[in-house]
Every structure is written in structure tokens, then in C-alpha cells.
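To keep things clear, I will list the structure first and then write my remarks on it.
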Amino acid sequence: MPPSEQTSATPVRTLAQRLDALGKANQIRSRRARLKKDLKKGVKQIDEILADPPEFIRTAKVVDVLLAVPNCGKMKSAKVLNHCRISSNKTIGGLSERQRRELITFFRR
């Protein structure tokens, strides 16, 4: 098919659908930010979040959540992921049971 005849793979959305999607995305970002603050303050524990992740955090990258844990910067996060054999692009919801167990065990030590 010539380039001028290609069709768009993205479905057409109405303004209401786009606004609804933006609203949901903003709500998820706000809830994630609140969770990260709670992690920083020690109100929430990373092992509890990993054991039973809320829906809004499942699409977040593991490394982004680890960076919110006290005393866990870029280097330590990279070492933890390497130790547990987890890709830096892996999401919380995409963790296998083995990977989830290893992370929980690491942070409970």
C-alpha cells in the first residue's frame, strides 16, 4: 500500500473519551505520587505493596517504585534488580511470582 493510502492504526476518539482518559491518567499519577510519599515517610512498606499491589501501581516500573524507598537510590535499585534478575523495564504487574518473592525477601531482610 502506498504511503498516501495507509490508514491510521489509532482509533478515533471523541472529545469526551479523551477527557475521560486524561482524568483517569491524572488520578493514577496522583495516587502513585501519594504512595511514593508514603513510602518515603515510612508509612507504607515496599514489601506490602509488592505482595498485594494496588491496581494503580501495577503499570508502574519497579525501578521507579524502588527509588521511593528510603535509602534506595539509583545504584542500590540497580543492584537489587540485578540480584533478583529483573529487567529495569519490568512493571510491578509484570513481575513473575519468583521475582516478586525475591524482591519481598530482599526488603524484609
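A short reminder: the numbers here are calculations on the coordinates, not readings from a lab. Please read all numbers here as calculations on a predicted model, not as lab measurements. Neighbour counts are summed over all protein chains in view; Cβ atoms, including those assigned to glycine, are modelled from backbone coordinates with ideal geometry.
Brief remarks follow.
To keep it simple, each residue is scored yes or no on (1) surrounded by 17 or more Cβ atoms within 10 Å (Cβ to Cβ); (2) touching a His at 6+ places or on another chain (Cβ under 9 Å); (3) not polar (S, T, N, Q).
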position: Gly23; (1), (2), (3): no, no, yes
position: Arg34; (1), (2), (3): no, no, yes
position: Asp38; (1), (2), (3): no, no, yes
position: Lys61; (1), (2), (3): no, no, yes
position: Val65; (1), (2), (3): yes, no, yes
position: Asn71; (1), (2), (3): no, no, no
position: Ala78; (1), (2), (3): no, no, yes
position: Leu81; (1), (2), (3): yes, no, yes
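- So Arg29, is it free of Cβ contacts under 8 Å to residues at least 12 places away in the same chain, among the charged types (D, E, K, R) and in contact with a Cys (Cβ under 9 Å, 6 or more places away or on another chain): no
- Ile49 outside any loop (DSSP other than H, G, I, E, B), surrounded by 18 or more Cβ atoms within 10 Å (Cβ to Cβ) and of a type in the set (A, V, I, L, M, F, W, C): yes
- Residue check for Ser77: in a loop (DSSP other than H, G, I, E, B) and either polar (S, T, N, Q) or touching a Cys at 6+ places or on another chain (Cβ under 6 Å) (or both): no
- Tally, over segment 83-109, of residues that are free of Cβ contacts under 8 Å to residues at least 40 places away in the same chain and exposed (fewer than 14 other Cβ atoms within 10 Å of the Cβ): 10
- Within segment 32-62, restricting attention to residues that are in contact (Cβ under 8 Å) with a residue 12 or more places away in the chain and small (Gly, Ala, Ser), the residue that is farthest from Cys72 (Cα to Cα) is Ala51.
Conditions (1) assigned to a loop (DSSP other than H, G, I, E, B); (2) acidic (Asp, Glu); (3) out of contact with any Phe, Trp or Tyr (no Cβ under 8 Å at 6 or more places or on another chain), marked per residue:
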{"residue": "Ile28", "(1), (2), (3)": "no, no, no"}
{"residue": "Arg31", "(1), (2), (3)": "no, no, no"}
{"residue": "Lys40", "(1), (2), (3)": "no, no, yes"}
{"residue": "Lys44", "(1), (2), (3)": "yes, no, yes"}
{"residue": "Thr59", "(1), (2), (3)": "yes, no, yes"}
{"residue": "Asp64", "(1), (2), (3)": "no, yes, yes"}
{"residue": "Ala68", "(1), (2), (3)": "yes, no, yes"}
{"residue": "Cys72", "(1), (2), (3)": "yes, no, yes"}
